[in-house]
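Read-outs throughout are calculated quantities, based only on the coordinates presented, and are distinct from any laboratory measurement. Owing to the predicted nature of the structure, the values given are computational and were not obtained by experimental measurement. A quick note on method: Cβ atoms are made from the backbone with ideal geometry, for glycine too, and the neighbour counts reach across all protein chains shown.
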Amino acid sequence: MTWQKYGRGGWNNLGPMIAMMAASAASDWEDGERRSRSRKGRGWQDGAGRTKRRGRMFAQGELRLALLALIAREPRHGYELIRAIEDMTGGGYAPSPGAVYPTLQLLEEEGQIKPAKAKGKAKSEGGESETGGKKPFKATKSGKAELEERAEEVDQLMERLGAHGERAERVREKSPDLFRAMGNLANVLKIRARSGKLDQNTIDQIVDIIDEVAKRIERL
């Protein structure tokens, strides 16, 4: 098992990933409770219940649309966009830099966004932005036109992200100790990884511990 600093499965995404798992599990539990109450009220209907999106926050093309919509609201660079989506989802999900930056490059190549002047920053003699390499973008006329044409789709997407954030907040209110404990686990693993104290043998031991805890929870 090889852990990368960035990208899918990286240590920097571990905290949001664990939080998203907890929120998803709690959401499933709440849905089960609602279905149970509904069945008691009106009887069992074969095939009842809605189909849920599992495993992925965004369907194909939705991350592109979300980034474009957020940039149209306010010029942002990649890190700000990652944090904006994380905030919208209540900390339950943050897209990886490996997904965001190529998508921004695609939007720029399509002519939907273009570099914007860095907020409160002057330019160096070479014309480069003095923002530590962070390049903010703003929406072009073409990008804004696309958002107008797909306004209903954008509204539904943003509403879904907001609803996920509300669910995550409700879960945190119900189970603060659970989120604290899971946050502690994520932080300990990230600190160990960044300090270089995670060789293969240590990783294998941690995996065994987590697997054992999962089995004990399953038997409760």
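Key figures
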{"quantity": "Gyration tensor verdict on the range 142-188 (Cα atoms; rounded if a/c is under 1.5, prolate if a/b is larger than b/c, oblate otherwise)", "calculated": "oblate"}
{"quantity": "Using a Förster distance of 35 Å, the FRET efficiency for E169-R194 (Cβ separation, nearest 0.05)", "calculated": "0.75"}
